[in-house]
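A.B. asks: My questions will all concern the structure given below.
Each value in this text was obtained by applying a stated rule to the coordinates, not by laboratory testing. Just so it is clear, the structure is predicted and the values come from calculations on it, not from any experiment. Every residue, glycine among them, receives a Cβ derived from its backbone with ideal geometry; neighbour counts consider all protein chains shown.
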Amino acid sequence: MDASNTSFNSTDWIQEYRKNVNDNTILLVVYMIVGILGNSIVILVYKFQFKDTSDERYFVPVLAFFDLIASVLCSLNGIIVNSLQFTLTDDLVWDVLYFVNGIATFTTIHLLLCIAIQRYLKICRQQFLTLKRRRSMIVLSCIFALMLALPLPFSYEVMNFTHDGKVIGTRPTKIRYKTKAATVSYGIAASLFVILVYITFIVLYGKIGCTLYRHFQEMTFKQTFIRLSKKIRLSANEYNEQHVEKKFLFQAVHFSPESEINQTDHNIIDASINKHKTNSAVLLETPNECITQSNIPTAGKIDNITETLKTNSPTSNAVVVYRNALQKRNRKVKNKFTLMYLAITIVFLICFAPVAILLTIEGFNPKFWETLQIREWTVVLYFCQLYIINNIVNPFIYAFIDIEFRRSAITFVYLSVEKTALDVISDSIICFVLK
């Protein structure tokens, strides 16, 4: 009698659990579809639209590739766990699931760490990683992820799952060692790993942020000084033009017997005024880098500076202007990609936090899941699976911040849809004709 009631209650509990996790399973399917579509578009756009990938964009398709794999594997892992939570008894299957899920997650973590190191070296130290070093970092990321994922299958074992003193089924549970110290050691190790990862990201991007802030302050001061210098120089030029114009008008009137200016005098005055206006225009085209406190022009220096500028080659001035514009554009692109990678890292830290907390709790309390009611179990399950969002949201961050990628992605999708539509129409016409 007791056995039949226990069996009935266990079956009823499992059915209620599966009913509650149906919505979670549907959400996992959505995660997988969005991850496949978004990351595939990123990979294809970088393959066919961007022929030469710069060091700024190098890690984007690599991260998209591993995000694609992780979104599929982690979503499938969640679906299998929801379906076979209390009925699957094979230890090997559970070991494979934990290992695959772990290596997919740890690989993306190490890639984000590689990106943070690359941004730190480029912005704070002005050091550029060669292609060989970048590839070496990717290989090392995979090796370290493999090393961290190997202990996971040995940390869990399939055991009877009880609720309110009744056996519900079997599920992988944190191994309970004979001593409390051995059991707690897993929680301590998990806590130290999470703290180390978070501190590393905070320190690297904190230094990057401080460096960018200092550069911004310096550029703001420089732009203010340049505007002030231009105003001083313009005022000096206007004063000199008025002085020269009055001087020649006075001379023309003074030497004319009838105190009238004939056509020849007009030509002399116009030529002189135009000459000084031309000199002033040349002076105003001086590159910003040539402006210092020592060479701000005064009324007595204008002619000397103008003669100096006349001896300079126009081609060299154009090269300087082009070089400055190129440096400004490169600096803007570098800051934009730094902001993009920072946004990706912040999303990762937020999404990975529930998993990190759960790993720590399981380490200190192996019976954590047995204390939860079905609804509480479902809520915790949603939070634990937030880490999958980290693998599917990155394409949206790329499209939001990187305007060039967004335009290329729209063009690629439009051309792909147009080509598919034309192929379907042509196939339909051929089938209709053949009939």
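A.B. asks: I want to check the label-to-label distance for Arg134 and Leu44. Put each point 7 Å from Cα in the C-beta direction and report it in nm to one decimal.
C.D. replies: 2.4
A.B. asks: Same structure, new question: Hey, with R₀ at 35 Å, roughly what FRET efficiency would Trp377 and Tyr198 work out to, going by the Cβ-Cβ distance, to 0.05?
C.D. replies: Numbers: r = 27 Å, r/R0 = 0.77.
It comes out at approximately 0.85.
A.B. asks: Can you work out the Karplus-derived ³J(HN,Hα) for every residue in the stretch 386-391? Use 6.51 cos²θ - 1.76 cosθ + 1.60 with θ = phi - 60°, whole Hz, and x for glycine or proline.
C.D. replies: 5, 5, 5, 4, 4, 8
A.B. asks: What's the exposure ranking of Leu148, Leu196, going from fewest to most Cβ atoms within 10 Å? Write down the numbers at each step before the final one.
C.D. replies: Numbers: Leu148 17, Leu196 10.
By the 10 Å Cβ count, ascending, the order reads Leu196, Leu148.
A.B. asks: Using the number of other C-beta atoms within 10 angstrom as an exposure proxy, rank Ser54, Ser408, Ser40 with the fewest first.
C.D. replies: Working: Ser54 10, Ser408 18, Ser40 14.
Sorted ascending by nearby Cβ count, the order is Ser54, Ser40, Ser408.
A.B. asks: Something else: For the stretch 344-355, in order, what is each residue's ³J(HN,Hα) by Karplus, 6.51 cos²θ - 1.76 cosθ + 1.60 with θ = phi - 60°, in whole Hz (x at glycine and Pro)?
C.D. replies: With the stated coefficients, the stretch 344-355 comes to 4, 5, 4, 4, 4, 4, 5, 6, 7, 4, x, 5 Hz.
A.B. asks: OK, next. Kindly put Asp91, Asp402, Asp423 in sequence by how many other C-beta atoms sit within 10 Å of each C-beta, fewest to most. Please list the in-between numbers first.
C.D. replies: On the way: Asp91 13, Asp402 19, Asp423 10.
In order of increasing Cβ crowding within 10 Å: Asp423, Asp91, Asp402.
A.B. asks: Now for a separate question. Under 5 Å between amide hydrogens, which residues at least 5 positions from Thr162 or on another chain qualify, with H placed 1.01 Å from N in the peptide plane?
C.D. replies: Amide H neighbours of Thr162: Ile168.
A.B. asks: Here's something else I'd like to know. With the cut-off at 30 Å, tell me which of the pairs Lys132/Lys419; Lys122/Lys419; Lys47/Lys132; Lys336/Lys419 have Cα atoms farther apart than that.
C.D. replies: Working: Lys132/Lys419 38 Å; Lys122/Lys419 41 Å; Lys47/Lys132 20 Å; Lys336/Lys419 33 Å.
Pairs exceeding the cut-off: Lys132/Lys419; Lys122/Lys419; Lys336/Lys419.
A.B. asks: Please compute the modelled spin-label separation between Asp55 and Tyr213, points set 7 Å along Cα→Cβ, answer in nm with one decimal.
C.D. replies: That separation, rounded to one decimal, is 2.6 nm.
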